[in-house]
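Please read the structure below before turning to the comments.
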Amino acid sequence: MVQERRILYEHLDVPDINTFDVFRQYDGYTRFEKAIAEYQPDDVAKMVMDSGLKGRGGAGFSTGLKWSFVPKDIKPCYLCCNADESEPGTFSNRYVLEKNPHLLIEGILICCYAMGIETTYVYIRGEFTLGKKMLDAAIKEAYEKGYLGKDIRGTGLNVDIYSHPGAGAYICGEETGLIESLEGKRGQPRNKPPFPAVEGVFGKPTVVQNVETLCNLPFIIGNGVEWYTQMGPTYADTRANPPTPDPNTGTKLYCISGDVNEPGVYELDLGLTCSELIEVAGGLRGEEVKAVIPGGSSAPILTHYELDTRLDFTSLTLAKSMLGSGGIIVMNETRNIVDCLLNIMKFYAHESCGQCTPCRWGTPWVRDIVQRIADGNGRKDTMTRPKFGVAENGRWGDTGETEEIYEDLDLLESVANNIANVDTMTWNTICVFGIAVSWPAVSYMRKFRPEFEATIQEGKLVTLPVAEATVSPEENYAYQQRFVPKEFADL
Amino acid sequence: MSDALIQIETPFAFNEENQREFDGLIGRYPVKEAAMLPTLHLAQRQAGYITPAVMKYVAEQLEVSVMKVKDVVTFYPMFFEEPVGEYVIRICHTLPCALRDCKGVLEHLKAKLATDVASETNLAKGTTADGKFTLMKVECLASCDVAPVIMVNDDLYKNLTPEKVDELLAKLAS
């Protein structure tokens with residue numbers, strides 16, 4: 001049985017931990033004091049780099065590496081803390097803000113010290129009224145105690161933190177969308193490059209970090225790099241050439257919801273498997289796992305064949321999914337995947353910011369196709385065509401059989417892949433919202449194709465038993481590889 | 001129609017308390033325009049919804065064009081351009097809540113309030129006849145562990161069932 005390892009959440013349930021005095025009793029701000037007393041700013045940045053900490057917001061990009069891109073000679077430089085937690089299935093930042101806001105402030109202080117930043121904006125989503133209230137109170141207290149403001153603790157360090165409320169737009173969680181929104185505009189993402197590290201908010205270098213990432217910093221400083229890197233697995237990153245060690249260090253706040261007995265946030269070492277996590281969360285509510293969404297609704301779905309996939313950045317990338325924000329949604333055998341996809345596509349159609357044509361028109365189109373299928377009006381051709389599948393050589397090819405043509409499923413894949421192509425990982429939009437739409441659309445359809453076909457065939461939502469509804473990983477893999485030239489097939 | 005005209009005619013200005021808060025906001029950013037979202041939140045709290053007069057006032061305060069303010073107001077779902085009820089009920093209907101039967105809660109709310117669900121362009125559709133409640137569907141409220149959830153103005157209500165909804169509505173109505 002896997003044990004929780006509470007680090008960020010260790011003192012979360014201590015009464016009044018949101019006040020300075022209680023936070024102080026639990027080593028509050030001592031890690032920041034240690035940083036300014038014992039280390040130079042560059043040492044702190046190096047420690048973060050060595051710790052292998054990866055951004056917890058979704059992309060999983062190395063935090064130390066991100067910091068190294070910030071030019072040292074352009075001032076002022078800003079820190080934007082991304083507290084616009086709106087990925088469906090994710091809710092760990094909310095608890096940090098509501099219960100332990102001083103931890104975030106300490107993390108921000110360490111980041112500001114390392115990067116020479118004087119102004120931080122915490123972009124907090126508009127619906128987090130309690131979280132904002134608690135954070136504002138904590139900021140006020142920190143000013144009073146001399147941990148924020150001018151000349152902190154007599155070191156000459158100046159740091160100001162301001163909270164900035166959003167107003168209900170999902171896209172503002174994207175880092176450049178957040179920056180636009182912070183500048184008082186529509187939250188439409190910018191083209192990259194220039195990356196925010198070079199030209200961000202108000203045209204200045206900007207570090208954008210998630211709440212959870214910043215909350216890791218006090219513990220890296222306080223307990224040292226060696227302690228931190230012991231947690232979580234290291235793999236040979238086969239995507240790099242030559243393969244390099246890819247650390248997945250530290251703990252992750254896994255948010256688990258859906259069909260489990262005890263949904264909630266569980267802090268565990270990176271790298272445990274899906275089925276272990278379901279056990280930790282009180283076990284499955286229902287008979288059988290049908291599907292698991294591993295990283296917020298944007299992540300490609302995992303089937304019951306893939307429950308041994310380890311939930312860390314590298315393993316999930318290799319499984320053609322992503323850890324994202326760590327929002328895990330479990331579905332049991334009673335759930336209809338077409339219905340679930342419809343729900344998610346309604347979300348994306350609503351949240352598309354409308355800047356890029358493929359996404360603005362493509363997302364409602366995908367939603368309408370899924371709606372049509374779910375309503376029982378899914379289109380199917382009367383003709384048949386040669387069936388492609390796993391041929392004798394194990395690769396995708398003509399099997400010599402014929403198959404029926406499901407027009408709407410072909411259309412769904414085509415439209416989604418033209419917003420962002422999930423096979424080549426190229427997107428026709430400015431930001432990665434495009435891939436966040438087509439990933440679920442295509443993966444649900446490919447991995448649970450029998451359920452989609454049955455729904456079209458019957459003219460009403462049909463929920464198949466788990467084994468019948470799921471396409472085997474071998475077949476799915478071969479399908480993914482169908483356009484890959486033979487010489488690259490095994491890379 | 002006459003209501004709308006009156007709103008345009010009635011000028012808007014921050015009351016003393018909000019003016020103080022606004023003055024504090026402005027100093028936080030190197031450009032005034034950046035205070036747009038907090039200012040609009042402040043204005044909406046005072047005026048109930050964003051009228052043309054509010055937009056004009058905010059534009060003057062932030063030294064930007066009215067069109068820019070309108071641009072922002074129309075982008076973000078939390079800003080209302082029409083009157084809403086005293087209590088705005090936001091019900092989450094994204095996947096984790098849907099897996100925990102938010103549909104049942106929504107249907108119950110609709111029946112109980114005898115109203116439809118507001119759409120972004122037609123808030124009146126979801127507002128009760130007495131103007132006390134506005135019912136609207138929103139996307140994920142980041143409380144999936146305690147699904148289904150609703151937000152009534154600034155407060156979150158968790159693990160809802162039709163019975164809990166009844167209790168809540170009775171409390172709000174009194």
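Looking at B:66, B:54, which one is surrounded by fewer than 22 Cβ atoms within 10 Å (Cβ to Cβ) and either within 13 Å of chain A (Cβ to nearest Cβ) or more than 30 Å from residue A:341 (Cα to Cα) (or both)? Walk me through how you get there before you give the answer.
Numbers: B:54 fails: surrounded by fewer than 22 Cβ atoms within 10 Å (Cβ to Cβ).
One residue alone meets the criteria, B:66.
Taking (1) more than 21 Å from residue A:365 (Cα to Cα); (2) surrounded by fewer than 17 Cβ atoms within 10 Å (Cβ to Cβ); (3) touching a helix residue (DSSP H, G or I) at 6+ places or on another chain (Cβ under 9 Å) in turn, residue A:464 satisfies each apart from (2).
The residues on offer are A:362, A:324, A:354, and the sole one that is assigned to a loop (DSSP other than H, G, I, E, B) and open to solvent by less than 20 Å² (accessible area, probe 1.4 Å) is A:324.
Looking at the range A:395-402, is at least one residue within 25 Å of residue A:352 (Cβ to Cβ) and either open to solvent by less than 40 Å² (accessible area, probe 1.4 Å) or touching a residue at least 12 places away in the same chain (Cβ under 8 Å) (or both)? Give the derivation first.
Start the filter on the range A:395-402 by keeping residues that are within 25 Å of residue A:352 (Cβ to Cβ), which leaves none.
Looking for residues that are within 25 Å of residue A:352 (Cβ to Cβ) and either open to solvent by less than 40 Å² (accessible area, probe 1.4 Å) or touching a residue at least 12 places away in the same chain (Cβ under 8 Å) (or both), one finds none in the range A:395-402, hence no.
Filtering the range B:149-161 to residues that are away from every other protein chain (no Cβ under 14 Å) and either of a type in the set (Ser, Thr, Tyr) or open to solvent by 50 Å² or more (accessible area, probe 1.4 Å) (or both) leaves only B:161.
Residues of the range A:150-172 that are open to solvent by less than 10 Å² (accessible area, probe 1.4 Å), within 14 Å of chain B (Cβ to nearest Cβ) and either over 30 Å from residue B:140 (Cβ atoms) or out of contact with any helix residue (DSSP H, G or I) (no Cβ under 8 Å at 6 or more places or on another chain) (or both): A:159 alone.
Residue B:146 passes every criterion in (1) buried (at least 17 other Cβ atoms within 10 Å of the Cβ); (2) within 13 Å of chain A (Cβ to nearest Cβ); (3) touching a residue at least 40 places away in the same chain (Cβ under 8 Å) apart from (3).
One residue stands out in the range A:97-124 among those that are within 12 Å of another protein chain (Cβ to nearest Cβ) and farther than 21 Å from residue B:27 by Cα: the one that is surrounded by the fewest Cβ atoms within 10 Å (Cβ to Cβ), namely A:98.
For the range A:251-268, the tally of residues that are crowded, with 21+ Cβ neighbours inside 10 Å and in a loop (DSSP other than H, G, I, E, B) stands at 2.
Exactly one residue out of A:21, A:16 is more than 25 Å from residue A:230 (Cα to Cα), acidic (Asp, Glu) and assigned to a loop (DSSP other than H, G, I, E, B), and it is A:16. Taken over the range A:72-97, the criterion of being under 30 Å from residue A:345 (Cβ atoms) and part of a loop (DSSP other than H, G, I, E, B) is satisfied by A:84, A:85, A:86, A:87, A:88, A:89, A:90, A:91. In the set (1) surrounded by 15 or more Cβ atoms within 10 Å (Cβ to Cβ); (2) modelled with pLDDT under 95; (3) touching a helix residue (DSSP H, G or I) at 6+ places or on another chain (Cβ under 8 Å), the condition left unmet by residue A:381 is number (1). Give me a count of the residues in the range A:46-90 that are on the phi > 0 side of the Ramachandran plot and in contact with a Phe, Trp or Tyr (Cβ under 9 Å, 6 or more places away or on another chain). Residues that pass the stated criteria total 2. Within the range A:424-439, residues that are more than 20 Å from residue A:341 (Cα to Cα) reach partners that are among the β-branched types (Val, Ile, Thr) and part of a helix (DSSP H, G or I) with beta carbons closer than 6 Å, at six or more positions or on different chains, in the pairs A:427/A:435. Considering (1) surrounded by 14 or more Cβ atoms within 10 Å (Cβ to Cβ); (2) at pLDDT below 95; (3) more than 30 Å from residue B:146 (Cβ to Cβ), the lone condition that residue A:432 does not fulfil carries the number (3).
Among the residues of the range A:1-23, those that are closer than 24 Å to residue A:112 by Cβ and surrounded by 14 or more Cβ atoms within 10 Å (Cβ to Cβ) comprise A:7, A:8, A:9, A:10, A:11, A:12, A:17, A:18, A:19, A:20, A:22, A:23.
Scan the range A:333-351 for residues that are open to solvent by 40 Å² or more (accessible area, probe 1.4 Å) and closer than 18 Å to residue A:445 by Cβ and jot them down.
Taking the range A:333-351 as the starting set, the residues that turn out to be open to solvent by 40 Å² or more (accessible area, probe 1.4 Å) are A:333-335, A:339, A:346, A:350.
Those that are open to solvent by 40 Å² or more (accessible area, probe 1.4 Å) and closer than 18 Å to residue A:445 by Cβ: A:335, A:339, A:346.
Please give the number of the condition residue A:76 fails out of (1) open to solvent by less than 70 Å² (accessible area, probe 1.4 Å); (2) free of Cβ contacts under 8 Å to residues at least 60 places away in the same chain; (3) not charged (D, E, K, R). Unmet condition: (2).
State which residue is surrounded by the most Cβ atoms within 10 Å (Cβ to Cβ) when the search covers only the range B:104-135 and only residues that are assigned to a strand (DSSP E or B) and among the aliphatic types (A, V, I, L, M).
Looking only at the range B:104-135, we keep the residues that are assigned to a strand (DSSP E or B), and these are B:118-119, B:122, B:127, B:133-135.
Then drop every residue that is not among the aliphatic types (A, V, I, L, M), which leaves B:118, B:135.
On the way: B:118: 23, B:135: 25.
Of everything passing the filter in the range B:104-135, B:135 is surrounded by the most Cβ atoms within 10 Å (Cβ to Cβ).
When restricted to residues that are aromatic (Phe, Trp, Tyr) and either touching a Phe, Trp or Tyr at 6+ places or on another chain (Cβ under 6 Å) or closer than 30 Å to residue A:268 by Cα (or both), the range A:314-373 contains 2.
Give the residue that is nearest to the other protein chains (Cβ to nearest Cβ), with candidates limited to residues of the range A:173-208 that are among the charged types (D, E, K, R) and over 16 Å from residue A:78 (Cα atoms). Among those residues, the one meeting the criterion is A:186.
Looking at A:296, A:271 in this structure, which one is within 14 Å of chain B (Cβ to nearest Cβ), modelled with pLDDT under 95 and either under 20 Å from the mean Cα position of the chain (by Cα) or surrounded by 21 or more Cβ atoms within 10 Å (Cβ to Cβ) (or both)? If you could, list the steps in order and put the result at the bottom.
Numbers: A:271 fails: within 14 Å of chain B (Cβ to nearest Cβ).
Just a single option satisfies the conditions, and that option is A:296.
The selection criterion, being β-branched (Val, Ile, Thr) and either within 21 Å of residue A:167 (Cβ to Cβ) or within 14 Å of another protein chain (Cβ to nearest Cβ) (or both), does not hold for residue B:105.
Which ones in the range B:86-96 are among the hydroxyl-bearing types (Ser, Thr, Tyr) and either at the interface with chain A (Cβ under 8 Å from one of its Cβ atoms) or assigned to a loop (DSSP other than H, G, I, E, B) (or both)? Before you say what the answer is, go through the steps one by one.
First, the residues of the range B:86-96 that are among the hydroxyl-bearing types (Ser, Thr, Tyr): B:87, B:94.
Selection gives B:94 alone.
Taking the numbered list (1) within 10 Å of chain A (Cβ to nearest Cβ); (2) open to solvent by less than 20 Å² (accessible area, probe 1.4 Å); (3) over 16 Å from residue B:134 (Cα atoms) in turn, residue B:79 passes all entries but (3).
For residue B:99, the stated conditions hold: it is within 11 Å of chain A (Cβ to nearest Cβ) and crowded, with 17+ Cβ neighbours inside 10 Å.
The values are calculated or read from the model by the stated rules, or taken from the named source; none is laboratory data. No experiment lies behind these values; they were computed from the predicted model shown. FYI the Cβ positions are ideal-geometry reconstructions off the backbone, even for glycines, and counts take in every protein chain you see. Accessible surface areas use protein heavy atoms only, side chains included; no ligands, DNA or RNA. Shrake-Rupley method; radii C 1.70, N 1.55, O 1.52, S 1.80 Å.
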